[in-house]
Amino acid sequence: MPTISITNADVFDGLHVKNVPNQCFQGSPGNILAPQSNSDVHVDGTGCTLMPGLIDAKVDANSSPGALYTCAAFGITTVIDSSSTNAECQAMHLAVSENPTLPSYFATGSAIGPENASSLSIFSYRAVRVATTPAEARQVVAENVSASSGGNLVKIIVDQPGLDFQTIAAAVAAAHEHGSLAVGQASQCDAYKLALDAGFDVVTAVPVDGTLDAEVVRGFAQKGIGVVPTLCYLRKAVDKADNADYDFAHAMAAVKQLHEAGVRICAGTSANQEDSMTVSFGQSLHEELKLLAEAGLTNMEVMRAATCVPSALFRLPDRGAIEVGYRADLLLVSGNPLENLALGSQIRRVWIAGVEIDIR
């Protein structure tokens, strides 16, 4: 197995950008190594920064491996799909297992929610596992987990009108009993209150219908509930929604409010290929980073939101940082990303588990 050495590059370690004379990792595929004097391949990183591969914490891949190729070209080495169906997720897992140059793929499988979920929300759902009672919710969670839809993630729609609180809480409890993270879909202030009371681990999207209650925000921080705002998607969805109360300014304000309270914020896009609500794969994550900065995150916090924060929140302990023994998911960019967030135009090389991919 070849050893690759990046020399004379700065390294973003999640807290600082520092010069590292010699950063080594295994190729084909491999992990990050301690510095070595005799490497098989040397890459001159002068003027560049080596950073962990990016994580898009919410996509809708819809059984399209091509979407993952695009993500990889933009430095995204891990995606979390919380929109696709069980069958679509299984197809994607198979595609990724057969191709080491594709980003890692994690998924929730089909969302659990009410009947007519798509007509009640600004988010579209191709398939929803309907649960009308707590008992049904527990059963559906068990079936989703056993469907090999993505391992340790369960998606539950919290937006209203929809599931009653008892059914939502039962689904969350069942997810935890199976060792899974409960991921809630909430784009309303009232849904955020339900998500807090039900004990979710992660909530995707932020409210677009008003201002979050300060007590709810404090509760999210105290309970360690993470948030994936998906601002790229909300900006488009609000414009198309037939609801005078919806305003993208509410979403930006919510991110600022949550961030200032200490809630963990992750970068995610809801990238998809739906005709009416297309959000581009790959490029949209770089747009999301800029929107997070506009919402009040520092450049350092923005970089963490796409690397070490989602790896911790989604229990992916082998990525999100440059540490010995971690996956060699790496991104070499020109300049210093803490000074310039326009990473899309600065990418020079990308490795997934030590395998370099073609980014042309």
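Which residues, taken from segment 318-345, are in a helix (DSSP H, G or I) and either aliphatic (A, V, I, L, M) or buried (at least 23 other Cβ atoms within 10 Å of the Cβ) (or both)?
Leu343
Only one of the numbered conditions (1) surrounded by fewer than 16 Cβ atoms within 10 Å (Cβ to Cβ); (2) touching a Cys at 6+ places or on another chain (Cβ under 7 Å); (3) touching a residue at least 60 places away in the same chain (Cβ under 8 Å) is violated by Ala57, and that is (1). If you go through segment 258-283 and keep only what is of a type in the set (Gly, Ala, Ser) and under 26 Å from Thr211 (Cβ atoms), you end up with Ala261, Gly262, Ala267, Gly268, Ser270. Evaluate segment 7-24: report whether one residue or more is open to solvent by 10 Å² or more (accessible area, probe 1.4 Å), assigned to a loop (DSSP other than H, G, I, E, B), of a type in the set (A, V, I, L, M, F, W, C) and under 25 Å from Asn299 (Cα atoms). Among the residues of segment 7-24, at least one is open to solvent by 10 Å² or more (accessible area, probe 1.4 Å), assigned to a loop (DSSP other than H, G, I, E, B), of a type in the set (A, V, I, L, M, F, W, C) and under 25 Å from Asn299 (Cα atoms), which makes the answer yes. Residues of segment 282-307 that are on the phi > 0 side of the Ramachandran plot and under 13 Å from the mean Cα position of the chain (by Cα): Gly282 alone. Could you grab me the full set of residues in segment 221-249 that are surrounded by 22 or more Cβ atoms within 10 Å (Cβ to Cβ), out of contact with any Leu (no Cβ under 6 Å at 6 or more places or on another chain) and in a helix (DSSP H, G or I)? Answer for segment 221-249, where residues must be surrounded by 22 or more Cβ atoms within 10 Å (Cβ to Cβ), out of contact with any Leu (no Cβ under 6 Å at 6 or more places or on another chain) and in a helix (DSSP H, G or I): Cys232, Tyr233, Leu234, Ala237. Only one of the numbered conditions (1) touching a Leu at 6+ places or on another chain (Cβ under 7 Å); (2) open to solvent by 50 Å² or more (accessible area, probe 1.4 Å); (3) of a type outside the set (A, V, I, L, M); (4) part of a loop (DSSP other than H, G, I, E, B) is not met by Arg348, and that is (4). Applying the selection to segment 83-103, what residues are among the polar types (S, T, N, Q) and either free of Cβ contacts under 8 Å to residues at least 40 places away in the same chain or farther than 27 Å from Arg235 by Cβ (or both)? Scanning segment 83-103 gives Asn86, Gln90, Ser97, Asn99, Thr101. Restricting segment 62-82 to residues that are in contact (Cβ under 8 Å) with a residue 12 or more places away in the chain and in a helix (DSSP H, G or I), the residue that is most open to solvent (accessible area, probe 1.4 Å) is Tyr69. For a quick check of your reading of the model, give me the residue pairs whose first member lies in segment 197-210 and is touching a residue at least 60 places away in the same chain (Cβ under 8 Å), whose second is assigned to a loop (DSSP other than H, G, I, E, B) and of a type in the set (D, E, K, R), with beta-carbon atoms closer than 7 Å and at least 6 apart or on different chains. Pairs found: Val208/Asp247.
Going through (1) within 16 Å of Gly296 (Cβ to Cβ); (2) touching a helix residue (DSSP H, G or I) at 6+ places or on another chain (Cβ under 8 Å) one by one, Val208 falls short only on (1).
Scanning segment 34-49 for residues that are touching a residue at least 12 places away in the same chain (Cβ under 8 Å), in a strand (DSSP E or B), under 30 Å from Ala95 (Cα atoms) and of a type outside the set (Val, Ile, Thr) turns up nothing.
Only one of the numbered conditions (1) assigned to a helix (DSSP H, G or I); (2) surrounded by 16 or more Cβ atoms within 10 Å (Cβ to Cβ) is not met by Arg218, and that is (2). Pairs are defined by a Cβ separation below 6 Å, a sequence spacing of at least 6 or placement on different chains, a first member in segment 163-184 that is in contact (Cβ under 8 Å) with a residue 40 or more places away in the chain, and a second member that is buried (at least 17 other Cβ atoms within 10 Å of the Cβ) and assigned to a loop (DSSP other than H, G, I, E, B); the pairs so defined are Leu163/Pro114; Leu181/Asp201; Val183/Ser82; Val183/Thr108.
In this entry, His259 is excluded by the filter for residues that are over 22 Å from Glu287 (Cβ atoms) and either open to solvent by 30 Å² or more (accessible area, probe 1.4 Å) or assigned to a loop (DSSP other than H, G, I, E, B) (or both).
Of Glu287, Glu301, all but one fail to be in contact with a Gly (Cβ under 9 Å, 6 or more places away or on another chain) and open to solvent by 50 Å² or more (accessible area, probe 1.4 Å); the exception is Glu287.
Does segment 87-124 hold any residues that are open to solvent by less than 50 Å² (accessible area, probe 1.4 Å), among the polar types (S, T, N, Q) and under 23 Å from Arg319 (Cβ atoms), and which are they? The answer is Asn99, Thr101, Ser104, Thr108.
The values are calculated or read from the model by the stated rules, or taken from the named source; none is laboratory data. What you are looking at is a predicted structure, and each value in this text was computed from that prediction instead of being measured. In this analysis, Cβ positions are derived from the backbone assuming ideal geometry, glycine residues included, and neighbour counts consider all displayed protein chains. When the accessible area is computed, the model is the full protein with side chains, heavy atoms only, and any ligands, DNA or RNA have been set aside. Shrake-Rupley method; radii C 1.70, N 1.55, O 1.52, S 1.80 Å.
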